[in-house]
Amino acid sequence: MNPTQLAVAATSTGEAVQFWVLGTVAVLGGLGTVLIRRAVHSALCLAGTMIILAMFYLANGAYFLGVVQIVVYTGAVMMLFLFVLMLVGVSAADSLKETLKGQRWLAACCALGLGILLITGIGQASVGSFTGLGAANAGGNVPALAELLFTKYVVAFEVIGALLTVAAVGATLLTHRERVEKSKSQREQAEERVRAGKQLPPLPAPGVYARHNAVDRPGLLPDGTPAESSVSHTLRSRGQIREVSAEQMASLAALEQRTAEYHGQPSPRRGPAEPSRRAIERARPQDAGEEPADGDGGRDSEREEAAK
Amino acid sequence: MSPANYVYLAALLFTIGAAGVLLRRNAIVVFMCVELMLNAANLTLIAFSRMHGNLDGQIMAFFVMVVAAAEVVVGLAIIVMLYRSRHSASVDDANLMKL
């Protein structure tokens, strides 16, 4: 008898230790599945319990089923559960409101009664010792299972194949949605856009020409105000937009004031953030002929102050 | 260790699963508890297979697994459909066969 057959026939101390350690974890996983409110955490607990059950299958000589348990249950079925959980909404935690009065306590009592019934039933039964699968698994677990499956249980096997096909078709049918209304053509979409009065040409580009070209700088309109539609809504709601117009207006106002002081004229009082058409026009040397001299004068006065 | 320990563990897991089916409202969690009960039944089948020294129990457990897979596929499709029509996965909201 080879060692694996021996391990299957007798219950060693090692197996007892394995049973008590893994059994405790399996029960905790089961309790977690029932008691944890978040559905994703429940699913993870259940996956843990299933992996431990796979180890018990392996310890009991069901080598093929142990692997199938991990591949099919933990791999496929639990992933399917998680897919549907994500589809349905993870945040949907169970409500704690009782719709039926006392239902929770009654359910707990029923479960306790069922547990007592099952466990006393097992206690009444005469469970002997393990015969062991040494003889049955002699030629390997998988060949022995296959021999049984394709001789004694071949009809059940065929029926179960049909069942799987029906289930696959049924699931496809249930989740399939027929499109009721016709999808809109490009022309219809364009007409709808015009009728709704939305912006028809492309949106203005971000950035101020020749100074900034980053997407977080709104483009400036001719009067110096920022164009709201030139930057993304996401950046605006995150508060990551750098407004250029305010600082530009402030520097222009400062320049104007210095120029006026240099000429000994009273300076026009202007708010630093207030955008004004005149300031913009003065900032453009090519638009007005006398302005460059003013600007140079301002810079000269600055240099004089620095020299002092 | 007595072979009955495996059966006791399976009974305990089955009871926990049944309690979950009765207690929880989220249809997906109820479904997961049904899966736990099926797995507990599989554990008894495999323990009995070893106890009696033949592989019929393992074949039964194999069939249970296949049926459970088919059941999960159809059940989750029904849950997705219910969620589409009612925007909730709670079993309390699905009190009518038709909207």
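Under the simplified labelling scheme, the A:ALA125-A:CYS110 pair shows an inter-label distance of 2.4 nm, with each label point 7 Å from Cα along Cα→Cβ.
How many times 2.2 N^0.38 Å is the alpha carbon radius of gyration of region A:98-235? Present the calculation step by step, with values, prior to reporting the outcome.
Working: Rg = 35.7 Å, N = 138, 2.2 N^0.38 = 14.3 Å.
The reported ratio for this selection is 2.49.
For a Förster distance of 45 Å, can you work out the FRET efficiency between the beta-carbons of A:THR234 and A:VAL71, rounded to the nearest 0.05? Between A:THR234 and A:VAL71 the formula returns 0.60.
Counting, for every residue in A:20-30, the Cβ atoms of other protein chains within 10 Å of its Cβ and taking the mean gives 4. Sequentially through region A:38-53, phi angles give Karplus couplings (6.51, -1.76, 1.60; θ = phi - 60°) of 6, 5, 5, 5, 4, 4, 5, 4, 5, 4, x, 4, 5, 5, 5, 4 Hz, Gly and Pro residues having no value and appearing as x. For the residues B:MET37, B:MET65, B:MET81, a GNM of chain B with alpha-carbon springs under 10 Å puts the largest fluctuation on B:MET81. Computed in the context of the full set of protein chains, the accessible area of region B:4-86 at 1.4 Å probe radius has 79% of its extent on carbon or sulfur.
For region A:7-87, the relative contact order works out to 26 percent when only alpha carbon pairs closer than 8 Å and six or more residues apart are counted.
What's the average, rounded to a whole number, of partner chain beta-carbon atoms within 10 Å of each residue's beta-carbon in A:133-140?
Numbers: counts 10, 1, 2, 8, 4, 0, 0, 0.
Across the residues of A:133-140, the mean count of other-chain Cβ atoms within 10 Å is 3.
Relative to one another, the C-alpha centroids of region B:1-44 and region A:139-183 are positioned 24 Å apart. For chain B, the membrane-span-like helices by this rule, meaning whole DSSP H stretches whose C-alpha atoms cover at least 30 Å of axis and whose Kyte-Doolittle mean is 0.5 or above, are B:27-52, B:56-86; this says nothing about an actual membrane.
Size of the dipole of region A:128-203 about the Cα centre, Lys and Arg at +1 and Asp and Glu at -1 on the beta carbon, nothing else charged, in debye to 20?
Working: 9 positive and 7 negative charges, 117 e Å.
So the dipole magnitude of region A:128-203 works out to roughly 560 debye.
What shape does region A:95-166 take by its C-alpha gyration tensor, where a ≥ b ≥ c are the square roots of the eigenvalues and a/c under 1.5 counts as rounded, a/b above b/c as prolate, and the rest as oblate? It is oblate, given that a/c is not under 1.5 and a/b is not larger than b/c. Accessible-area loss of 30 Å² or more (1.4 Å probe, protein heavy atoms, chain alone versus all protein chains) is found in region A:44-63 for A:LEU46, A:LEU53, A:PHE56, A:TYR57, A:ASN60. Relative protection proxy for A:251-257, A:188-194, A:49-55, B:71-77, from highest mean packing down: A:49-55, B:71-77, A:251-257, A:188-194 (other beta-carbon atoms within 10 angstrom). Chain B contacts chain A over a buried accessible area of about 7100 Å², both sides summed; the probe is 1.4 Å and only protein chains count. Accessible surface of A:ASP223 in the full protein assembly, 1.4 angstrom probe, to the nearest 10 Å²? About 50 Å², rounded to the nearest 10. Taking a ≥ b ≥ c as the square roots of the eigenvalues of the Cα gyration tensor, region A:1-90 is classed as oblate, since a/c reaches at least 1.5 and a/b does not exceed b/c. Summary of packing: across the peptides A:145-154, A:65-74, the per-residue average of other C-beta atoms within 10 Å ranks them, highest first, as A:65-74, A:145-154. At an R0 of 35 angstrom, the distance between the Cβ atoms of A:GLN103 and B:SER2 translates into a FRET efficiency of 0.40. For region A:56-76, the residues whose backbone nitrogen is under 20 Å from a point 7 Å from the Cα of A:PHE157, taken along Cα to Cβ, are A:62-69, A:72. Decide, for chain B, between rounded, prolate and oblate: order the square roots of the alpha carbon gyration tensor eigenvalues as a ≥ b ≥ c, take rounded if a/c falls under 1.5, and otherwise choose prolate if a/b is larger than b/c, else oblate. Judged from the Cα gyration tensor, chain B comes out oblate (a/c at least 1.5, b/c at or above a/b). Overall, region B:4-86 carries a charge dipole of about 360 debye about its Cα centre when +1 sits on the Cβ of Lys and Arg and -1 on the Cβ of Asp and Glu, all other atoms neutral.
The values are calculated or read from the model by the stated rules, or taken from the named source; none is laboratory data. This is a predicted model, so every value here is computed, not measured. Reconstructed Cβ throughout: ideal geometry from the backbone, glycine too, with neighbour counts over all protein chains shown. Accessible surface areas use protein heavy atoms only, side chains included; no ligands, DNA or RNA. Shrake-Rupley method; radii C 1.70, N 1.55, O 1.52, S 1.80 Å.
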